[in-house]
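Let me begin by presenting the structure, written as structure tokens, before commenting on it.
The values are calculated or read from the model by the stated rules, or taken from the named source; none is laboratory data. Predicted model only: the values in this text are computed from it and were never measured. No Cβ is skipped: glycine too gets one built from the backbone with ideal geometry, and neighbour counts run over all protein chains shown.
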Amino acid sequence: MNTADIREVVARIVAKTPVTDLHTHLYAPAFGPLLLWGIDEMLTYHYLAAEVLRVSDMPYEAYWALPKKQQAELIWRELFIERSPVGEACRGVLTALDRLGLDTADRDLNAHRGYFMGKRPEDHVDTVLKTANLKCVVMTNDPFDPLERPVWMNGFAGDKRFHAALRLDALLNDWGRACATMREWGYEVEPDLGQKNLAEIRRFLDEWIQRMGALYMAASFPPDFVFPDDSPRGRIIESCVLPAGRDHSVPFAMMIGVKRNVNPALKLAADGVGLSDVDAVARICAQHPDNRFMVTMLARENQHELCVAARKFRNLMPFGCWWFLNNPSLIEEMTRMRMELLGLSFVPQHSDARVLDQVIYKWEHSRAIIAKVLADKYADLIATGWPVEESEIARDAARLLDGNFWAFLGRF
């Protein structure tokens, strides 16, 4: 294969390779209203809420007091009609609508709403996953969520399209409140975290890993995350989370670098980003070689050091372009750097989608960038005289988009 052919071939193969989306905020239809989908949910996503409140004179509290339908209409008018929708979140809405077969030249929001009316969530899930060419997605499952918990306690039977991940933010980042809640559920815990309390926390983790069939445990952390750490968070990680990970053979996913609630008036859109200490990641990997760690960091400035750390620790898997990094220029930069430093031994992307339809655009946009970077690297190989076969490209794409994750779990 010559350099002239390589881009078309790589783009075609990457586009047709099914994806495991290893981190989303989506839910199976059995979770009812927790599964968000449709045009109004896409438009009122917190990325676009933050954007519209930059350009609108409407007071924050007045915006949040609006019904969702009116919030969507404001966003449509301000960000799509009064201004060209060049931002990535705006472009994403249009990509999703277009791939679902809607006419994006039609600027009538109600015409687009008509497509979603009367659809069954189960049927729309089938349509979206097929359109996005997703093999399956991994949810974010919080046992402290009062809407989600009853579904699990009532015996959720599972859904092959949706896998579980046990989210531990409430347990690790607000132990005082989690302790009080766990006592109400019958766990014998106290704030002091003595050995009996740690044993009860471990029992809680064992029960929920098994109840959910969780593929991994996960938590997001602020930029000042450190390890080792004698705080409640550090002690619970050391004495409960990591032993549970070893015994159940599930990784611990750490998402590091979010500054919570920097502008409370923005509510769900209030969070920011900060520079984190990659040495904390290196230390936890070095001190616990029998645990596996999936890590994504929010600050662009942390990405190079994280890649270097991953070269040193095979129990560390960098994954995705998280949150504020999920923009084309940064996805390309990070993917190129990771490939140059780690070869094919990383997971280039996850959607982080909160609205079902978002996976269409997040994966189409990311696939194009991954294919571009991969084609450049194959062209470099061809220039050395190394031949590249189509079967090898298919093998590599399958690893990046699906196999690396399952192999890291030990299930592939």
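Of the residues making up the stretch 369-408, those that are surrounded by fewer than 19 Cβ atoms within 10 Å (Cβ to Cβ), more than 16 Å from residue 339 (Cα to Cα) and in contact (Cβ under 8 Å) with a residue 12 or more places away in the chain are 382, 383, 387, 389, 390, 394, 406. Specify which of the listed residues (11, 15, 49, 28) is at pLDDT 95 or above, among the small types (Gly, Ala, Ser) and in contact with a strand residue (DSSP E or B) (Cβ under 6 Å, 6 or more places away or on another chain). Among 11, 15, 49, 28, only 28 is at pLDDT 95 or above, among the small types (Gly, Ala, Ser) and in contact with a strand residue (DSSP E or B) (Cβ under 6 Å, 6 or more places away or on another chain).
Outside any loop (DSSP other than H, G, I, E, B), small (Gly, Ala, Ser) and within 30 Å of residue 27 (Cβ to Cβ): is that true of residue 310 in this structure? Considered against the rule, which asks whether it is outside any loop (DSSP other than H, G, I, E, B), small (Gly, Ala, Ser) and within 30 Å of residue 27 (Cβ to Cβ), residue 310 comes out as no. Hey, among 215, 268, which residue is touching a residue at least 60 places away in the same chain (Cβ under 8 Å), assigned to a helix (DSSP H, G or I) and touching a His at 6+ places or on another chain (Cβ under 8 Å)? Every option except 268 fails the conditions. Among the residues of this structure, residue 88 does not count as one that is in contact (Cβ under 8 Å) with a residue 60 or more places away in the chain, exposed (fewer than 15 other Cβ atoms within 10 Å of the Cβ) and within 22 Å of residue 272 (Cα to Cα). Of all residues assigned to the stretch 249-262, at least one qualifies as being surrounded by fewer than 20 Cβ atoms within 10 Å (Cβ to Cβ), under 30 Å from residue 41 (Cβ atoms) and touching a residue at least 12 places away in the same chain (Cβ under 8 Å). Taking the criterion of being closer than 27 Å to residue 27 by Cβ, in a helix (DSSP H, G or I) and among the aliphatic types (A, V, I, L, M), the residues of the stretch 329-369 that qualify are 331, 359, 360. Only one entry of 379, 398, 371 meets the criterion of being of a type outside the set (S, T, N, Q) and farther than 23 Å from residue 310 by Cβ, and that entry is 379. Among the candidates 352, 376, 357, 380, the residue that is among the charged types (D, E, K, R), within 20 Å of residue 18 (Cβ to Cβ) and more than 14 Å from the chain's Cα centre (by Cα) is uniquely 357. In a residue-by-residue description of the stretch 295-304, the property of being more than 25 Å from residue 366 (Cα to Cα) and surrounded by fewer than 21 Cβ atoms within 10 Å (Cβ to Cβ) applies to no position. Candidates 95, 104: the one that is free of Cβ contacts under 8 Å to residues at least 24 places away in the same chain and surrounded by 13 or more Cβ atoms within 10 Å (Cβ to Cβ) is 104. Residues in the stretch 152-166 that are over 12 Å from residue 24 (Cβ atoms), within 22 Å of the chain's Cα centre (by Cα) and outside any loop (DSSP other than H, G, I, E, B): 152, 159, 166.
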